[in-house]
Amino acid sequence: MTVIGEPRLLIGGELRQAASGATFTTYNPATEEALGVVADAGMADMDAAIGAARRAFDHTDWSTNVTFRVHCLRQLKAAFDAHADEIRAMTVAEAGSPMSFTYSAQLDEPVKSLEWVAAMAEGYQWETDLGDASPMGIPSHRWVRREATGVVGAITPWNVPHQINLAKLGPALAAGNTVVLKPAPDTPWCATVLGRLIAEETDIPAGVVNIVASSDHALGELLATDPRVDQVTFTGSTATGRKVMAAAAPTLKKVFLELGGKSAFVVLDDADFRGAIGTAAFTVCTHAGQGCAITTRLVVPRDRLGEAAEMAAKTMVKLPAGDPTDPGIICGPLISGRQRDRVESYLRMAEEEGGTFVCGGGRTADQPKGFFIDPTLIVGLPNSSRVVQEEIFGPVLVVQAHDGDDDAVAIANDSAYGLSGSVWSQNRDRAVSVANRIRTGTIGVNGGLWYSPDVPFGGYKQSGIGREMGVAGFEEYLQTKSLAEPA
C-alpha cells in the first residue's frame, strides 16, 4: 500500500515535517497492520499554519478574485480525478471503507461536488441592489455585499474523511476564505494527500490552505481559541461540539457544528413493508453504521413488530462484516479498537437494559484480525434506554413499536438529536405529512435520497448549528455587509 508521496503537513504552501520531527503511525482497521507514518504536528505547527492563513487572507487578492478561485477549485477536482485509483485504495486501507462505498459518498461524490461549488460561486450574486429609500429623511441608495468571513478553522472526523474535508474546504475556498484543516488522527492520509494535490497540482497560493495532521485530538482547540481565526467549522460528536462552541465563545467566532444523530426510520401501517424493512436493514450495515445520518431506530406498527424484526434480521445476516476490499461487502470494520470497545459496551448495556439480540451482538467470529462487529438487531428496549437514545456509531439497529402516526412522530421526536430520518407509506401525502412533523434537518420519503452537493445538510436540536452543502452551506462562510450612499 502506498500513498501519493510522503504524508506531510501543508503549512504556508510548503509540504513539511513537524517542527519537532515527530511522526505517528496510521493503521489498517481491517487487518490491524501499520500502514505508515505521518508527520505529527504540535502547537508550533498549528501556530504557523494559523499565521500563514491569516497572512494569505490579509495580503493577497484571494478573497476578492472569484475567477481565480473557481479556476483553482477546478484544478483540485482534476487532480483528484487523475489520482482516483490510488486515492480509492488508500481510503479503503486507512478508513476501512468498503470499496463499493468509495464510488459514492466516500470519494467520488465529494470530488464531483467541487465542480458544483465552483459553478455556484461563478454565478453567485455577490451584491444585491436594494434601491433608493429615505430613512430618517435622508435620500439614500442601498446595496448589500457578501464577503468572505476570513480565516476558517476546520476540524473533521474519520468516518467519511473526503466527504467532510471537501464539504468544508470547497465552499470555504469558493467564498474567499483561507483555511486551516485539522483532520482526525485515524485518517490523516486522506487529508495529507489533499495537501499534496493542492501544493503540487493547483495554483492555490501559499497559505490559503494549511493541513495540520496530528495524533493530538486537543490540537484543534487552538482553532477555536486563537483570535486570528474568524470561524470554526466542526463535524463530530455532540460532546466535543459543545467544547468547541465554548472554546470559541470568548472571541465570538462564527461556529458551524455538524454533530451526532440517532435518526428514526418510520414505517407506517400502509407502507411497502418488505421494501421499507429491507432498506432500513441495509442502511445500518453500510460502512459498519459509521455515519451520523444513518437511521438506527426502526419504528414499526406494533402488530407487525415481530414480523419486522424477523425480516430485518434475515437481511442483516446476509450483509456480514468482512474484508472492505471485497466489492460485495458493504459492512467493513470499525475504525479502531477504541471504537469497537465502545460499540461492545453498548451491546452489553442493551442486555442490561432488557434488550434481546435477534441477530449479531458481538465480534465477527470469522474475522480474527481487524475491528469487526456483526450487524446487530435489538428488540425489547424502551425509548428511554441509553442504547435507544445515544449515538453508537456501529452496525446496530433497534426496533421499536408505534401505535399510529401520532405515536410514531412522538417516538421519532423523543430524542436529543434531530439530524435525519425516513418515513414510508404508500400514501405519499401521508408520508410527507408525518415527515414534516419530525424535527430533523434531513429526511427521506419512501426511499428518496436527499444527499447531494446542492442540498443543505445539518441538524435540529443537539445535532448541530448551521448547514453544510447547498447554497446555505456556502453562505455559512460569508459575512453580510450593508452599504449606502446619497441618492
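At-a-glance table
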{"read-out": "Whole-percent carbon and sulfur share, accessible surface of region 154-313, 1.4 Å", "value": "56"}
{"read-out": "Amide hydrogen neighbours beyond the local backbone of Gln479, cut-off 5 Å, H modeled", "value": "Glu147, Ala148, Thr149"}
{"read-out": "Angle between the chain longest axis and helix 188-201 axis [Cα atoms, degrees, rounded to 10]", "value": "30"}
{"read-out": "Prolate/oblate/rounded call for region 1-109, Cα gyration tensor, a/c under 1.5 rounded", "value": "oblate"}
{"read-out": "Computed [θ] at 222 nm, deg cm²/dmol, the chain (DSSP H ≥ 4; -39,500 (n - 2.57); rounded to nearest 500)", "value": "-11000 deg cm²/dmol"}
{"read-out": "Region 424-487 - accessible surface per residue (Å², probe 1.4 Å)", "value": "51"}
{"read-out": "Whole-Hz couplings from phi, Karplus 6.51/-1.76/1.60, listed for region 202-214; x for Gly and Pro", "value": "9, 9, 4, x, 4, x, 5, 10, 10, 10, 10, 7, 7"}
{"read-out": "Crossing angle, helix 337-352 versus the chain [Cα axis fit, 0-90 degrees, rounded to tens]", "value": "40"}
{"read-out": "Prolate/oblate/rounded call for the chain, Cα gyration tensor, a/c under 1.5 rounded", "value": "oblate"}
{"read-out": "Size of electric dipole in the chain: Cβ of Lys, Arg +1 and of Asp, Glu -1, about Cα centre, debye, nearest 20", "value": "580"}
{"read-out": "Region 144-211 shape via C-alpha gyration tensor axes, a/c threshold 1.5", "value": "oblate"}
{"read-out": "Selection from Val151, Tyr103, Gln163, by position along the positive dipole direction of the chain (Cβ)", "value": "Val151"}
{"read-out": "Counted charge near Thr251, where neighbours are those whose Cβ lies closer than 13 Å (Asp, Glu -1; Lys, Arg +1)", "value": "0"}
{"read-out": "Cα lying deepest toward the dipole's positive end in region 32-96, options His59, Val37, Phe80, charges on Cβ", "value": "His59"}
{"read-out": "For region 361-366, Karplus couplings with θ = phi - 60° (6.51, -1.76, 1.60), whole Hz, Gly/Pro x", "value": "x, x, 5, 7, 5, 8"}
{"read-out": "Over 19 Å between alpha carbons, listed pairs Lys182/Lys369; Lys262/Lys369; Lys168/Lys262; Lys182/Lys243; Lys243/Lys461", "value": "Lys182/Lys369; Lys262/Lys369; Lys168/Lys262"}
{"read-out": "Computed over region 383-452, Cα set: Rg, Dmax in Å", "value": "12.4, 34"}
{"read-out": "Check: region 1-91 dipole with +1 on Lys, Arg Cβ and -1 on Asp, Glu Cβ, in debye", "value": "400"}
{"read-out": "Between helix 428-437 and the chain: long-axis angle, C-alpha atoms, 0 to 90°, nearest 10", "value": "70"}
{"read-out": "Surrounding net charge for Pro453, when Lys and Arg each add one and Asp and Glu each subtract one, Cβ distance under 9 Å", "value": "-2"}
{"read-out": "Net charge dipole size for region 232-331 [Lys, Arg +1 and Asp, Glu -1 on Cβ; Debye, nearest 20]", "value": "600"}
{"read-out": "Among 178-184, 192-198, the order from most to least packed when residues are scored by Cβ within 10 Å on average", "value": "178-184, 192-198"}
{"read-out": "Selection from Tyr477, Ile11, Ala276, by position along the positive dipole direction of the chain (Cβ)", "value": "Tyr477"}
{"read-out": "Surrounding net charge for Val471, when Lys and Arg each add one and Asp and Glu each subtract one, Cβ distance under 15 Å", "value": "-3"}
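The values are calculated or read from the model by the stated rules, or taken from the named source; none is laboratory data. Note that the structure is predicted; figures quoted are calculated from it, not measured. Neighbour counts are summed over all protein chains in view; Cβ atoms, including those assigned to glycine, are modelled from backbone coordinates with ideal geometry. SASA here: full protein model, heavy atoms, side chains in, ligands and nucleic acids out. Shrake-Rupley method; radii C 1.70, N 1.55, O 1.52, S 1.80 Å.
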